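J.: Take a look at the following structure, please.
The values are calculated or read from the model by the stated rules, or taken from the named source; none is laboratory data. No experiment lies behind these values; they were computed from the predicted model shown. Here the Cβ positions follow ideal geometry from the backbone for every residue, glycine too, while neighbour counts run over all protein chains shown.
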Amino acid sequence: MSFPGERRAGILVAPGSSPANLLPDGVHTTKGTLVVTVRLPIVTERFLIRPMQPQDTADLFEVYRDAEGLRHLHREVPTSLESAGAWVRAKMERHERDGLSLWSVVQRRTGVVVGDAGLQYERDDGGDVGLGGRLNRRYWHQGCATEVGAALLAAGFDAGLTRIIAVTRPANQPAMDVCDRLGMAFVQRSDYFGEGKGEWLVYEAFASCWSAPPS
């Protein structure tokens with residue numbers, strides 16, 4: 001999780017739709033891995049969260065090329081427009097395969113893609129579903145990360161997930177602050193992604209007791 005940001009929360013239903021839009025098409029297994037489908041788009045007060053599209057590449061690359069903003073990630077990020085396009089295609093394929101992925105975060109007022117966010121398996125072998133995302137630094141410190149994160153947690157739990165985690169570096173204080181604002185509990189400090197990949201802080205939230213933070 002690399003979300004810098006603050007306050008706000010809540011999930012709104014798009015005009016002409018209903019909360020049923022957040023229910024899954026179905027839950028099934030692929031190679032022993034639980035696949036939960038979160039119905040998209042998700043609409044919040046300021047943003048729309050939808051599957052990535054090839055035309056999002058340029059806007060997303062503006063986020064990915066910000067080395068300072070992404071320094072806490074454990075995976076390599078795109079370093080060229082071409083590699084950003086490959087990244088977007090990979091996330092589109094993951095969405096089709098798993099029903100979970102990183103999705104594009106679109107500012108409703110302008111239609112501009114301002115980052116990515118989503119729910120996806122943290123490790124390649126399945127298991128934990130994690131919340132994460134990155135926003136263009138122009139949208140930091142305005143409550144955007146908490147607004148998007150709360151909407152994703154709500155949608156994930158509505159889709160049938162019972163537990164969602166977030167993993168961040170010990171030095172990533174903004175992400176820890178977002179986890180706290182989202183009502184996620186600190187679990188442990190560990191080498192979550194394996195030996196040689198550093199220490200990580202793990203947070204979690206459970207459907208049985210989570211509630212959206214006040215807006």
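J.: For the list (1) surrounded by fewer than 21 Cβ atoms within 10 Å (Cβ to Cβ); (2) modelled with pLDDT under 95; (3) under 24 Å from ALA151 (Cβ atoms); (4) not aromatic (Phe, Trp, Tyr), I need the number of the one condition that VAL63 fails.
T.: Only one criterion in (1) surrounded by fewer than 21 Cβ atoms within 10 Å (Cβ to Cβ); (2) modelled with pLDDT under 95; (3) under 24 Å from ALA151 (Cβ atoms); (4) not aromatic (Phe, Trp, Tyr) is unmet by VAL63, namely (1).
J.: A follow-up question, please. When you scan segment 136-194, how many residues do you find that are touching a His at 6+ places or on another chain (Cβ under 9 Å) and either of a type in the set (A, V, I, L, M, F, W, C) or at positive phi (or both)?
T.: Number satisfying all stated conditions: 4.
J.: With respect to VAL114, is the statement that it is part of a strand (DSSP E or B) and surrounded by 16 or more Cβ atoms within 10 Å (Cβ to Cβ) true?
T.: When the stated conditions are applied, VAL114 passes them.
J.: Restricting attention to segment 55-64, does a residue exist that is farther than 25 Å from ARG169 by Cβ, among the hydroxyl-bearing types (Ser, Thr, Tyr) and either in contact with a Phe, Trp or Tyr (Cβ under 6 Å, 6 or more places away or on another chain) or free of Cβ contacts under 8 Å to residues at least 40 places away in the same chain (or both)?
T.: Looking through segment 55-64, at least one residue is farther than 25 Å from ARG169 by Cβ, among the hydroxyl-bearing types (Ser, Thr, Tyr) and either in contact with a Phe, Trp or Tyr (Cβ under 6 Å, 6 or more places away or on another chain) or free of Cβ contacts under 8 Å to residues at least 40 places away in the same chain (or both).
J.: While we're here: If ARG94 satisfies all but one of (1) in contact with a Gly (Cβ under 7 Å, 6 or more places away or on another chain); (2) at pLDDT 50 or above, what's the number of the condition it fails?
T.: With respect to (1) in contact with a Gly (Cβ under 7 Å, 6 or more places away or on another chain); (2) at pLDDT 50 or above, ARG94 is out only on (1).
J.: When you scan segment 20-28, do you find a residue that is touching a helix residue (DSSP H, G or I) at 6+ places or on another chain (Cβ under 7 Å), part of a loop (DSSP other than H, G, I, E, B), modelled with pLDDT under 60 and surrounded by 12 or more Cβ atoms within 10 Å (Cβ to Cβ), even just one?
T.: yes
J.: Can you tell me which residue in segment 179-197 is farthest from ASP116 (Cα to Cα), limited to those that are surrounded by fewer than 19 Cβ atoms within 10 Å (Cβ to Cβ) and in contact (Cβ under 8 Å) with a residue 40 or more places away in the chain?
T.: LYS197
J.: Please work out which residue is surrounded by the most Cβ atoms within 10 Å (Cβ to Cβ), limiting yourself to segment 133-178 and to residues that are of a type outside the set (S, T, N, Q) and without any contact (Cβ under 8 Å) to a residue 60 or more places away in the chain.
T.: Out of the qualifying residues, it is LEU153.
J.: Suppose we filter segment 89-148 for residues that are closer than 22 Å to MET184 by Cα and acidic (Asp, Glu); how many remain?
T.: 4
J.: Closer than 26 Å to TYR192 by Cα, modelled with pLDDT of 95 or more and either of a type outside the set (D, E, K, R) or touching a Gly at 6+ places or on another chain (Cβ under 8 Å) (or both): is that true of VAL112 in this structure?
T.: So VAL112 fails the test.
J.: One residue is enough: does segment 152-161 have a residue meeting the conditions within 14 Å of the chain's Cα centre (by Cα) and either over 29 Å from THR57 (Cβ atoms) or among the basic types (Lys, Arg) (or both)?
T.: yes
Yes/no matrix, rows are residues, columns are (1) under 20 Å from ILE165 (Cβ atoms); (2) in a helix (DSSP H, G or I); (3) at pLDDT 95 or above:
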| site | (1), (2), (3) |
| --- | --- |
| LEU48 | no, no, yes |
| THR57 | no, yes, yes |
| SER104 | no, no, yes |
| GLY127 | yes, no, no |
| LEU131 | yes, no, yes |
